[in-house]
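Asks: Can you keep this structure in mind? I'll have questions shortly.
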Amino acid sequence: PSLSFVKDDTMTHTAGLFKKCQCSRPDRCEHSWYLRFKPKGRQRAKVNLSSRYDLSLPMTADEIEPYAVKAKDELRQGQRSTTALTLGDIADLYVKTRLEKGKDYYIVALRASEVPAAKGTTVKLEAKPIASVTRADIMSAADKWEARPKATKGKKGGVVARRHFLQAGRHLFNWAIEQGYLTHTPFRQDGVTVIKIKPSKGRSRRLRAGEEERLIKVADPYTKDLMTVALETGCRGGALRLLLWSDIGPASIVLRPEITKDREELVIPITPAVRKILDRRKMGLDGKELPADTYVFGNEIGEPASRRLANRW
């Protein structure tokens with residue numbers, strides 16, 4: 001007997017996804033994922049997604065969903081399946097690992113870039129098999145991104161925009177290699193870097209006498225707390241906004257690798273000024289301490305504060 005995977009009403013996964021197994025945790029077992037779908041004007045189809053795209057299991061419903069969407073598009077168009085993952089497929093999986101969604105801005109731009117194709121045509125990068133993306137494709141996309149009027153009007157004439165664009169693309173390809181989706185990157189060939197990214201210059205600007213006091217004086221309560229802890233610890237604003245109460249110890253703050261710039265764990269001592277702020281923010285509206293899985297620099301109940309909202313404050 002088979003047991004279909006029943007989708008919870010609160011989930012947003014593509015309809016028609018299911019498994020034929022009796023496992024208590026279908027999202028963690030190694031049985032195949034299936035898609036049941038009827039394209040308009042065509043016969044109902046049942047597709048084994050795992051074999052169709054040669055996927056390595058187990059995969060969660062979140063991870064399999066991009067392949068279900070891809071299969072639906074192919075069935076609608078009457079196309080035969082392909083095992084080649086496109087840059088768009090990998091980008092869909094990649095963005096789900098990002099904690100700060102604002103950083104996906106460059107990935108959206110990368111996948112939408114039009115690059116030269118056969119017979120004088122162009123194709124969006126997201127439509128190309130990721131394994132066939134070349135150095136020329138990346139350079140062409142970067143050239144167009146740097147030449148945008150919005151970028152060229154900047155202080156550096158588009159150089160900074162190009163650097164950020166290439167850094168995002170490099171991280172995407174490196175992530176794909178780490179996850180086993182890819183074996184090479186257009187940024188390196190035979191161990192040699194073929195796409196060079198100019199590093200940013202070190203910053204020499206420091207707070208002058210009296211500036212800290214002036215900043216704190218005009219800050220709203222949220223920004224005052226965030227700014228004070230940033231100055232006391234040297235932590236980046238993005239890392240502080242993603243800090244959970246479970247990261248706070250008796251004498252130190254542990255920054256998880258996924259929220260640090262260099263992807264390495266950092267341990268920061270808690271100063272008396274920081275401890276005072278943490279003790280106050282720890283208390284919720286009901287007078288009880290906020291749960292460990294809520295955000296230190298979130299709202300009154302520990303929900304995350306968006307980057308845009310925090311920056312506006």
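The values are calculated or read from the model by the stated rules, or taken from the named source; none is laboratory data. This structure is a prediction, so every number in the text was calculated from the model and none was measured. Reconstructed Cβ throughout: ideal geometry from the backbone, glycine too, with neighbour counts over all protein chains shown. Side chains included, ligands, DNA and RNA excluded: accessible areas come from the protein's heavy atoms. Shrake-Rupley method; radii C 1.70, N 1.55, O 1.52, S 1.80 Å.
Asks: Enumerate the pairs (first residue in segment 16-44 and on the phi < 0 side of the Ramachandran plot; second residue anywhere and modelled with pLDDT under 85 and polar (S, T, N, Q)) with beta-carbon separation below 6 Å, excluding pairs fewer than 6 apart on the same chain, so at least 6 apart or on different chains.
Replies: Close Cβ pairs satisfying both conditions: 18/4; 20/2; 32/50; 33/50.
Asks: Just to be sure before I move on: is residue 125 in contact with a Lys or Arg (Cβ under 8 Å, 6 or more places away or on another chain) and modelled with pLDDT of 80 or more in the structure I sent?
Replies: So residue 125 fits the description; yes.
Asks: Which condition number in (1) free of Cβ contacts under 8 Å to residues at least 40 places away in the same chain; (2) touching a strand residue (DSSP E or B) at 6+ places or on another chain (Cβ under 9 Å); (3) surrounded by 13 or more Cβ atoms within 10 Å (Cβ to Cβ) is the one that residue 66 fails?
Replies: Of everything listed in (1) free of Cβ contacts under 8 Å to residues at least 40 places away in the same chain; (2) touching a strand residue (DSSP E or B) at 6+ places or on another chain (Cβ under 9 Å); (3) surrounded by 13 or more Cβ atoms within 10 Å (Cβ to Cβ), residue 66 misses just condition (2).
Asks: Do the conditions hold for residue 212, that is, is it closer than 30 Å to residue 168 by Cα and either part of a loop (DSSP other than H, G, I, E, B) or touching a helix residue (DSSP H, G or I) at 6+ places or on another chain (Cβ under 8 Å) (or both)? If you could, list the steps in order and put the result at the bottom.
Replies: Values: closer than 30 Å to residue 168 by Cα: no; either part of a loop (DSSP other than H, G, I, E, B) or touching a helix residue (DSSP H, G or I) at 6+ places or on another chain (Cβ under 8 Å) (or both): yes.
Answer is no for this residue.
Asks: Let me ask something else about it. Has segment 271-285 got at least one residue that is modelled with pLDDT under 90, open to solvent by 50 Å² or more (accessible area, probe 1.4 Å) and over 30 Å from residue 96 (Cα atoms)? Working first, answer last.
Replies: Step one: of segment 271-285, the residues modelled with pLDDT under 90 are 284-285.
Restricting the remaining residues to those that are open to solvent by 50 Å² or more (accessible area, probe 1.4 Å) gives 285.
Of the ones still in play, those that are also over 30 Å from residue 96 (Cα atoms) are 285.
Yes, segment 271-285 contains a residue that is modelled with pLDDT under 90, open to solvent by 50 Å² or more (accessible area, probe 1.4 Å) and over 30 Å from residue 96 (Cα atoms).
Asks: Of the conditions (1) at pLDDT below 95; (2) of a type outside the set (Val, Ile, Thr); (3) within 26 Å of residue 85 (Cβ to Cβ), residue 148 fails just one. Which one is it?
Replies: Just one mismatch for residue 148, condition (3).
Asks: Among the residues in segment 157-173, are any more than 26 Å from residue 38 (Cα to Cα) and in a loop (DSSP other than H, G, I, E, B)? Spell out the reasoning first.
Replies: We begin by selecting, within segment 157-173, every residue more than 26 Å from residue 38 (Cα to Cα); these are 157-173.
Next, from what is left, pick out any that are in a loop (DSSP other than H, G, I, E, B): 157-158.
Yes, because at least one residue in segment 157-173 is more than 26 Å from residue 38 (Cα to Cα) and in a loop (DSSP other than H, G, I, E, B).
Asks: Can you tell me which residues in segment 45-60 are free of Cβ contacts under 8 Å to residues at least 24 places away in the same chain and more than 18 Å from residue 84 (Cβ to Cβ)?
Replies: If the condition is that a residue be free of Cβ contacts under 8 Å to residues at least 24 places away in the same chain and more than 18 Å from residue 84 (Cβ to Cβ), then 46 is the only one that fits.
Asks: Do you know which of the residues in segment 71-93 that are exposed (fewer than 12 other Cβ atoms within 10 Å of the Cβ) and part of a helix (DSSP H, G or I) is modelled with the highest pLDDT? Full working, then the answer.
Replies: Quick first cut of segment 71-93, residues exposed (fewer than 12 other Cβ atoms within 10 Å of the Cβ) only: 73, 77-80, 83.
If we keep only those that are part of a helix (DSSP H, G or I) as well, we get 73, 77.
On the way: 73: 82, 77: 76.
Only one residue fits best here, namely 73.
Asks: Looking at segment 233-270 only, could you name the residues that are surrounded by 13 or more Cβ atoms within 10 Å (Cβ to Cβ) and part of a loop (DSSP other than H, G, I, E, B)?
Replies: The answer is 235, 236, 242, 243, 256, 260, 270.
Asks: I'm checking my understanding of the structure. Among residues of segment 216-232 that are without any contact (Cβ under 8 Å) to a residue 12 or more places away in the chain and either in a loop (DSSP other than H, G, I, E, B) or within 21 Å of residue 272 (Cβ to Cβ) (or both), which one is most open to solvent (accessible area, probe 1.4 Å)?
Replies: Kept after step one, since they are without any contact (Cβ under 8 Å) to a residue 12 or more places away in the chain, are these residues of segment 216-232: 217-219, 221, 224, 230.
Still in the list and also either in a loop (DSSP other than H, G, I, E, B) or within 21 Å of residue 272 (Cβ to Cβ) (or both): 217, 219, 221, 224, 230.
Numbers: 217: 175, 219: 26, 221: 106, 224: 91, 230: 31 Å².
Once the filter is applied, the top-ranked residue is 217.
Asks: What pairs come up if the first residue lies in segment 119-139 and is of a type in the set (Asp, Glu), the second is exposed (fewer than 14 other Cβ atoms within 10 Å of the Cβ), and their beta carbons are under 9 Å apart, counting only those six or more places apart or on different chains?
Replies: 126/112; 137/116
Asks: Please go through segment 135-171 and pick out each residue that is surrounded by 14 or more Cβ atoms within 10 Å (Cβ to Cβ), touching a strand residue (DSSP E or B) at 6+ places or on another chain (Cβ under 9 Å) and within 14 Å of residue 195 (Cβ to Cβ).
Replies: Selection gives 135, 137, 138, 140, 141, 170.
Asks: Can I ask one more? Would you point out which residue out of 96, 198 is over 16 Å from the mean Cα position of the chain (by Cα) and either surrounded by 15 or more Cβ atoms within 10 Å (Cβ to Cβ) or among the charged types (D, E, K, R) (or both)? Give the derivation first.
Replies: Numbers: 96 fails: over 16 Å from the mean Cα position of the chain (by Cα).
Exactly one residue qualifies, and that residue is 198.
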